1. From the square roots a ≥ b ≥ c of the eigenvalues of the alpha-carbon gyration tensor of the stretch 243-308, which class results: rounded (a/c under 1.5), prolate (a/b over b/c), or oblate?
2. With the Cα gyration tensor of the stretch 164-312 giving a ≥ b ≥ c as the square roots of its eigenvalues, does the rule (a/c under 1.5 for rounded; else a/b larger than b/c for prolate; else oblate) give rounded, prolate or oblate?
3. Whole-Hz Karplus ³J(HN,Hα) for the stretch 70-79, in order, using 6.51 cos²θ - 1.76 cosθ + 1.60 and θ = phi - 60°, x for Gly and Pro?
4. Any idea how far the Cα center of the stretch 183-231 sits from the one of the stretch 245-304, in Å?
5. In whole Å, how far is the Cα centre of the stretch 108-147 from that of the stretch 42-64?
6. Can you work out the Karplus-derived ³J(HN,Hα) for every residue in the stretch 198-206? Use 6.51 cos²θ - 1.76 cosθ + 1.60 with θ = phi - 60°, whole Hz, and x for glycine or proline.
7. For the residue pair His165 and Leu148, what label-to-label distance in nm results when each label sits 7 Å from Cα along the Cα-to-beta-carbon direction?
8. Considering only protein heavy atoms and a 1.4 Å probe, what is the carbon-and-sulfur percentage of the accessible area of the stretch 179-297?
Amino acid sequence: MVRIRICEESFVGPILKDEIRCPVHLYTGQEAIATGVCFALTEKDYIFGSHRSHGHYLAKGGDIGELVGEIYCKENGCSRGRGGSMHIIAPQIGMVGSAPIVAGTIPLALGAALASRIRKDKRVTVSFFGDGAAGEGVLYESLNFAALKRLPIIFACENNFYSTHMPIRECRPENNIFEIGKPFCIESYRADGNNVLKVYEVSKQAVGRCRKGQGPVLIEFVTYRMRGHVGPDDNIQGTHTDIRSKEEVEAWRKKDPIRRFEAFLIKNKIFRKEILDRIDREVEKEVEEAHQFAKMSAYPNPNELTKYVFKE
Ligand SMILES: Cc1ncc(C[n+]2csc(CCOP(=O)(O)OP(=O)(O)O)c2C)c(N)n1
Ligand SMILES: [Mg+2]
């Protein structure tokens, strides 16, 4: 969680200075979800992300230098600088890909789960998406198909109450995303997405069900993003108080998943504060090195624009 947080926050300065030019959707505040879910998976399992997927990539074990390289659109990035922040991929560790078409990766995840079912390889696939994707028809088609074929897939919805600047109360009559699995007879849960232990607990249970061939699971993780929807040009600092009141943001700041887990660790004498501080220093160094790695690299050669494009 600390690695994700410090890495995400390290982009704010370069975004505001226009050194990072692609749209960047920061995951600050939602770290417990990627971390808790991926901790319940093995390296062989698959995950698919969305436009806000740096955290998913890192939690699955993606290389931090290649992530930062990609966000600077450099040749040494994980998509060789062709994708930028919203096209993050590391198939070697099961991060099969992310893409910004809202709900667009859900049917891709479904296909991966179907492949696992056919191959009997026991892999579990997680599809991460936001509350906004719950307004897209393809999610419901995918739920139906997954249930019908009892596919080993977890639909992980990160409900942060906003889809760009649209509050969920303006686009759903009830804030009840976890209930959408029920008409398809899909085991469905709602969990506190800012409590990493709760996220892990429910994910472990869901992974167990999928592994045993008991069919798909839908989990709604309730959370909040601490930054604006997107940078560099759209309120990266999260201060659109006309959309999200200061009181609302402050109330969620008190539920910060990292601070909460740190308090738990200290209270239960698992870690001392000095150890937590040392982790912060180590990660800051690692992130600094990742930025150096990114800056060292060239931009992709324009003549090689279509080098990795699929051709028949
Ligand atoms: C099909 C489609 N419609 C609209 C957009 C524009 N868009 C980009 S992100 C976004 C909001 C997504 O909200 P949510 O799924 O809740 O994810 P969050 O940004 O909160 O993580 C929208 C509408 C898009 N990328 N794709
Ligand atoms: Mg959202």
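The values are calculated or read from the model by the stated rules, or taken from the named source; none is laboratory data. For clarity, every value in this text was computed on a predicted model and none was experimentally measured. Counting neighbours? That spans all protein chains shown, and the Cβs are built from the backbone with ideal geometry, glycine included. Please note that ligands, DNA and RNA were not included when accessible areas were found on the heavy atoms of the full protein model with its side chains. Shrake-Rupley method; radii C 1.70, N 1.55, O 1.52, S 1.80 Å.
1. Numbers: a/c = 3.82, a/b = 1.69, b/c = 2.26.
It is oblate, given that a/c is not under 1.5 and a/b is not larger than b/c.
2. Working: a/c = 1.33, a/b = 1.13, b/c = 1.18.
Cα axes put the stretch 164-312 in the rounded bin.
3. 5, 5, 7, 6, 9, 4, 8, x, 5, 10
4. That distance is 22 Å.
5. Here the two parts' Cα centres lie 16 Å apart.
6. Each residue's phi maps through the Karplus curve to give 5, 4, 4, 4, 5, 5, 4, 4, 5 Hz.
7. Once both label points are built, they end up 4.0 nm from each other.
8. Details: 3580 of 6810 Å².
Ligands and nucleic acids excluded, carbon and sulfur give 53 percent.
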